[in-house]
Amino acid sequence: EKVCTDFETHLVEFDGEDDHVHLLVRYPPKVALSVLVNSLKGVSSRRLRQMHPALTRRYWRGVLWSPSYFAASCGGAPLSIIRQYIEQQRTPD
């Protein structure tokens, strides 16, 4: 939440699966998406490492997240449909 606040964005929905996450983020055009994603990855990786030290063994070359990401614009789709899609993703154990 702090990262989103710092970037003047809003995390609308969050969920994921064992090997990836889905974020629905409302952000203004002035935000560089690549910078936002890298910040979210960096902060979440550090927090997970602090909260779950054993997770470090699962990191690949000391990195939790891959450098890649997929982003899609959904400006024309109703927010309720996008939110429903994210909510239906299988949450990791």
Count of residues meeting criterion [open to solvent by less than 80 Å² (accessible area, probe 1.4 Å) and either touching a helix residue (DSSP H, G or I) at 6+ places or on another chain (Cβ under 9 Å) or among the basic types (K, R) (or both)] in segment 44-65: 9
Segment 73-85 residues that are farther than 22 Å from V31 by Cα, paired with ones that are among the acidic types (D, E) and open to solvent by 80 Å² or more (accessible area, probe 1.4 Å) (beta carbon under 6 Å, 6 or more apart): none
Given (1) out of contact with any Asp or Glu (no Cβ under 8 Å at 6 or more places or on another chain); (2) open to solvent by 70 Å² or more (accessible area, probe 1.4 Å), index of the condition E87 fails: (1)
Test: residue in segment 34-51 that is out of contact with any strand residue (DSSP E or B) (no Cβ under 7 Å at 6 or more places or on another chain), more than 29 Å from I82 (Cα to Cα) and either assigned to a loop (DSSP other than H, G, I, E, B) or of a type outside the set (D, E, K, R) (or both): yes
Selection count, segment 1-32, where residues are part of a helix (DSSP H, G or I) and either touching a Cys at 6+ places or on another chain (Cβ under 6 Å) or surrounded by 14 or more Cβ atoms within 10 Å (Cβ to Cβ) (or both): 2
Which listed residue, of S39, S80, S73, is modelled with pLDDT of 80 or more and open to solvent by 50 Å² or more (accessible area, probe 1.4 Å): S80
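The values are calculated or read from the model by the stated rules, or taken from the named source; none is laboratory data. Predicted model only: the values in this text are computed from it and were never measured. Glycine gets a Cβ as well: all are built from the backbone with ideal geometry, and neighbour counts include every protein chain shown. Note: areas computed on protein heavy atoms with side chains; ligands, DNA, RNA excluded. Shrake-Rupley method; radii C 1.70, N 1.55, O 1.52, S 1.80 Å.
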